[in-house]
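As structure tokens, the structure follows; a few thoughts come after it.
The values are calculated or read from the model by the stated rules, or taken from the named source; none is laboratory data. Since the structure is predicted, the reported quantities are computational estimates derived from the model, not experimental observations. Here the Cβ is made from the backbone with ideal geometry for all residues, glycine too, and neighbour counts use every protein chain on show. Ligands, DNA and RNA are stripped out before the accessible areas are found, and what is left, the full protein with its side chains, is counted by its heavy atoms. Shrake-Rupley method; radii C 1.70, N 1.55, O 1.52, S 1.80 Å.
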Amino acid sequence: MTEQLDLLVTNVKVVHHDRPEAQRADIGVKDGKIVRVVPGIDPATATSVVDGGGKLAFPGVVDAHQHWGIYNPLPVDAASESRACAQGGVTSALNYMRTGQYYLNKGGAYADVFPEVLSLTDGKAYVDYAYHLAPMMREHIDEIPALVRDHGVTSFKVFMFYGSHGLHGRSADQNSFLMIPEGERYDYAHFEFVMRGIQAAREQFPELADEISLSLHCETAEIMTAYTKLVEEEGALTGLAAYSASRPQHSEGLAVSIASYLAHETGLPTINLLHLSSAKAMDAALRMATAFPHIRFRREVTVGHLLADIDTASGLGAKVNPPIRPRADVEALWGHVLAGDVDWVVSDHACCRDEQKFGDPRDNVFLAKSGFGGAEYLLPGLVTEGAKRGLPPGEIARLTSWNPATRFGLRNKGAIGVGFDADIALVDPTVDWTVRAADSESTQEYTPFEGFSMTAAVTDTFVRGHRVLESGKVVGEPVGQYLKRPTGA
């Protein structure tokens, strides 16, 4: 007797991460899990049947880099920005979180702070979610084993540029900004000890060692401080061009090199190099992979750095760290994507509303806040631009789902296969549409991609078999769950 399915998605071309082209199949779902992926499943065996209309069925996107709660109250972002996630086919949102100014605006131990984070997001999100945490002070390093064991946090972060820079620019008082104890410094020595703490956790939990990792924001504070002064004093550049010049590409390359040697020194082999934005950054990352072949580097690029440049982005709303770059860097990044040098593509979604984003005067890029949303354009943007450049659908699935799920301990995410969570994004690769911020579920009123032309759209998104996007519209109630990692163990 055939098992009765809860959901059957028929008439789709299923995209797999391990083969380039999509294959026709139906997807059978029971109890939130995929139980069959074969052609010709009898619709009479399913309680609910969705006709996919010949669309591409991608595994739900595992967006490994978001920032809920950085500018807006965390519960607000969890609700609204997870709706934007559904629009972009994102079914698992991994958020970077730290103590200090912004986010919850408090210091202290994660034993106190992280339960509050979980409480504030519980029941609010339309997609599943997890958190990466940043050890900002010595006490946080000591907490790493407990975070792994008690909360399923297996990924951590270092912001290399906070040495003499704040989130948006110069910072006169590091300790106040980061809310760390007097007498402590957030510097290269701290980064080294973070790495040693994470490696110790890998040794303490050997069965999780491959999934315990450190992510690094690679920019160099001293270089940025000097170049910001140069750019402002010269006054020849304005807008996004000025901001890119003030945080030059070799600042990224230098930080990548320093971080890589520290990983070698500390024996930590699981290193994620975040949002590499330039040819020089990627060149340094590949040089370090050759120099230290025992370090299992992962290289991340954002959809923003693949879609927009300093001339095409829509205004100062595109200010972000590291900056949007000139077109030559965009093309270099695409070359690395096509060469297989990039491990995953993310949104770096950080909703920053107009009233917070822009300073006075509005046209001074150095007064604007850093970061913008973009999860809703992640899969449509990659499919659109990838089609022009010959990037096969299977590679997009590898970049957006399989690779980040594997690295970050989401063992039941990242693929359309038997036993995996029924996280599915249906994509119409034949529709022409224009990006308008007004159409986004995000509370952000602008987008750097305003007016961009897309040739692919996410029409339907399923999270563990729950339909959260139908015909392009968010539907139902929040079903998102906290992902205590490893999941599916």
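Here residue 340 does not fit the description of being closer than 25 Å to residue 200 by Cβ and of a type in the set (Gly, Ala, Ser). Residue 221 meets all of the listed conditions (1) modelled with pLDDT of 95 or more; (2) touching a Gly at 6+ places or on another chain (Cβ under 7 Å) but one, namely (1).
Within the range 456-489, the set of residues being more than 23 Å from residue 64 (Cα to Cα), open to solvent by 50 Å² or more (accessible area, probe 1.4 Å) and not small (Gly, Ala, Ser) comprises 470, 473, 477. Reported count of residues in the range 1-21, each being open to solvent by less than 50 Å² (accessible area, probe 1.4 Å) and more than 17 Å from residue 420 (Cβ to Cβ), is 1. Name the single residue, out of those in the range 291-313 being within 21 Å of the chain's Cα centre (by Cα) and of a type outside the set (A, V, I, L, M, F, W, C), that is surrounded by the fewest Cβ atoms within 10 Å (Cβ to Cβ). Ranking the candidates gives 296 first.
Among the residues of the range 393-434, the ones that are of a type in the set (Asp, Glu) and closer than 13 Å to residue 458 by Cα come to 2 in all. Among all positions in the range 124-137, there is no residue which is at pLDDT below 95, assigned to a loop (DSSP other than H, G, I, E, B) and farther than 25 Å from residue 463 by Cα. Would you check which residues across the range 443-455 are more than 19 Å from residue 55 (Cβ to Cβ) and surrounded by fewer than 18 Cβ atoms within 10 Å (Cβ to Cβ) and list them? Across the range 443-455, the qualifying residues are 445, 450, 451, 453.
Count, please, the residues in the range 418-436 that happen to be buried (at least 19 other Cβ atoms within 10 Å of the Cβ), outside any loop (DSSP other than H, G, I, E, B) and not charged (D, E, K, R). Selection size over the range 418-436: 4.
For the range 88-105, what are the residues that are open to solvent by 10 Å² or more (accessible area, probe 1.4 Å) and within 18 Å of residue 132 (Cβ to Cβ)? Once the filter is applied, which keeps residues that are open to solvent by 10 Å² or more (accessible area, probe 1.4 Å) and within 18 Å of residue 132 (Cβ to Cβ), the range 88-105 yields 102, 103, 104. Residue count for the range 230-257, restricted to those that are assigned to a loop (DSSP other than H, G, I, E, B) and either surrounded by fewer than 22 Cβ atoms within 10 Å (Cβ to Cβ) or β-branched (Val, Ile, Thr) (or both): 4. Any residue that is over 23 Å from residue 132 (Cβ atoms) and part of a helix (DSSP H, G or I) - is there at least one of those in the range 258-275? Among the residues of the range 258-275, not one is over 23 Å from residue 132 (Cβ atoms) and part of a helix (DSSP H, G or I), which makes the answer no.
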